Amino acid sequence: MTLTTSNVPQPFKSLSPPIMRASTVVFDSLADFARRKERQPDGYSYGVTGTPTARELERRIAELEGGAHCVVTPSGQSALMTTVMGFVRGGDHLLVSAACYGALKTFVLKWLSHFNVEVEIYPPAIGAEIERYLKPNTRMICMESPGTVTMEMPDIPAIVEVAKRHGVMTMMDNTWASPLAFRPLAHGVDFCIEAATKFFGGHSDLLVGCISMNDTDYYETLRETQSVLGQQTSPDDCFLVMRGLDTLKVRYAAQSTSTLRIATALEHHPQVSRVLFPALPSDPGHGIWKRDFSGSGCLFSIILQPAPEIAFNAFFDSLRQFAIGASWGGVHSLAAYYPAPLQADRAFSLTDQPVVRLSIGLEDTALLLQDLMGALDAFSQATTTGA
Ligand SMILES: *Cc1c(COP(=O)(O)O)cnc(C)c1O
């Protein structure tokens with residue numbers, strides 16, 4: 001027997017959304033089953049297109065982004081890839097920022113270019129000059145603001161203006177700002193992508209991505225792409241993202257305040273050569289950030305004074321409050337390292353020095369600062385002693 005709300009013995013109401021699991025979706029009649037495809041893009045026909053738990057998460061995210069539709073996917077990377085795969089075909093020209101998320105660049109360069117897609121990387125801090133990169137077959141522009149790790153600020157409204165004039169689609173990875181600080185759809189971007197893994201989930205314990213949009217035809221295409229690529233998002237993870245969203249605003253506010261204090265303090269430290277964080281007036285992207293964004297989140301990068309590799313080991317090994325690891329946006333502070341060759345070899349590279357990226361969590365700000373000052377002391381000592 002199938003359990004439905006009509007045969008649950010007692011009325012039941014809860015504040016949390018139900019977790020509904022299914023590979024098989026059950027139909028009332030053969031006629032219903034035969035017409036199951038007509039239920040798309042919103043309805044339920046097989047587990048891969050989603051269950052009511054995924055739909056509820058999609059509804060909540062679309063509302064946050066100010067969009068008409070949302071498709072959730074099993075990771076931020078899958079959301080980026082699904083957006084490109086939904087619309088870009090062999091023979092198309094695809095523009096991708098040099099500061100887009102690394103796995104997206106790897107995907108387009110190592111996979112799509114073998115499917116006869118003409119992939120071109122453009123400089124991250126671009127605006128209306130994107131027009132020079134357009135070709136008659138340009139299909140889509142992939143943007144991220146600010147850029148992953150190096151934090152360059154593109155001028156999104158200027159790029160969108162050019163793209164619309166030429167009938168080119170735009171997608172933007174908005175994970176850094178989240179919809180609390182920037183709403184790409186309101187600026188005319190076609191697809192807004194978030195790694196819900198980061199701020200939305202907020203606890204470093206899940207992977208989920210999402211694509212929000214206004215256009216209904218685009219939505220139908222992306223629902224089909226998501227399901228044909230077999231990208232089902234676990235209803236349990238959808239539930240956890242919804243739980244995270246309940247506290248997103250307060251986490252965002254607290255982490256942003258702490259982050260701004262820490263970044264400002266680090267800016268004046270003699271061992272710090274540069275803080276990459278558009279919320280600081282000294283950052284080259286500050287003007288654009290101030291014009292378009294209403295918040296600055298929990299993630300920034302620093303470039304330290306030139307030093308031997310051993311000094312970076314001393315810096316990281318000295319950290320007690322920060323865990324060493326990739327990803328960000330959770331309640332625990334994290335530090336990650338991007339070595340010099342990686343930076344130097346990148347197209348339109350910002351620096352030939354290593355970059356240290358910090359994600360500020362909900363720990364006490366003074367404790368975090370103290371930890372970083374200690375790490376900078378260790379860095380300085382290792383630099384001077386060379387050991
Ligand atoms: C982490 C991240 C992604 C990828 O998200 P996953 O869920 O880890 O796949 C994409 N874009 C940005 C900006 C990220 O920080």
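The values are calculated or read from the model by the stated rules, or taken from the named source; none is laboratory data. No experiment lies behind these values; they were computed from the predicted model shown. We place every Cβ from the backbone using ideal geometry, glycine too, and count neighbours over all the protein chains shown.
Points worth noting:
- Qualifying residue in the stretch 289-298 (condition: in contact (Cβ under 8 Å) with a residue 40 or more places away in the chain, assigned to a helix (DSSP H, G or I) and farther than 26 Å from V250 by Cα): no
- Members of the stretch 51-81 that are assigned to a loop (DSSP other than H, G, I, E, B) and more than 11 Å from the ligand (Cβ to nearest atom): T51, G66, G67, A68
- So G361, is it small (G, A, S) and assigned to a loop (DSSP other than H, G, I, E, B): yes
- Among the residues of the stretch 323-345, those identified as in a loop (DSSP other than H, G, I, E, B) and out of contact with any Pro (no Cβ under 8 Å at 6 or more places or on another chain) are G325, A326, S327, W328, G329, G330, V331, H332, S333.
- Of all residues making up the stretch 114-148, the number that are within 14 Å of the ligand (Cβ to nearest atom) and out of contact with any helix residue (DSSP H, G or I) (no Cβ under 8 Å at 6 or more places or on another chain): 3
- Taking the stretch 160-214 and the strands (runs of 3 or more DSSP E) fully enclosed by it, the elements with 2 or more residues that are more than 27 Å from D237 (Cα to Cα) and either in contact with a helix residue (DSSP H, G or I) (Cβ under 7 Å, 6 or more places away or on another chain) or outside the structural domain of S256 (by TED's automatic domain parsing) (or both) are at 169-173.
- Among all residues of the stretch 210-222, there is at least one that is of a type in the set (A, V, I, L, M, F, W, C), away from the ligand (no atom under 15 Å from the Cβ) and within 26 Å of S294 (Cα to Cα).
- Some residue of the stretch 316-331 being surrounded by 16 or more Cβ atoms within 10 Å (Cβ to Cβ), in contact (Cβ under 8 Å) with a residue 40 or more places away in the chain, in contact with an Asp or Glu (Cβ under 7 Å, 6 or more places away or on another chain) and aromatic (F, W, Y): yes
- Residue in the stretch 306-322 that is within 16 Å of the ligand (Cβ to nearest atom) and not in a loop (DSSP other than H, G, I, E, B) present: no
- S75 falls short of the stated requirement of being without any contact (Cβ under 8 Å) to a residue 40 or more places away in the chain and assigned by TED's automatic domain parsing to the domain that holds Y133.
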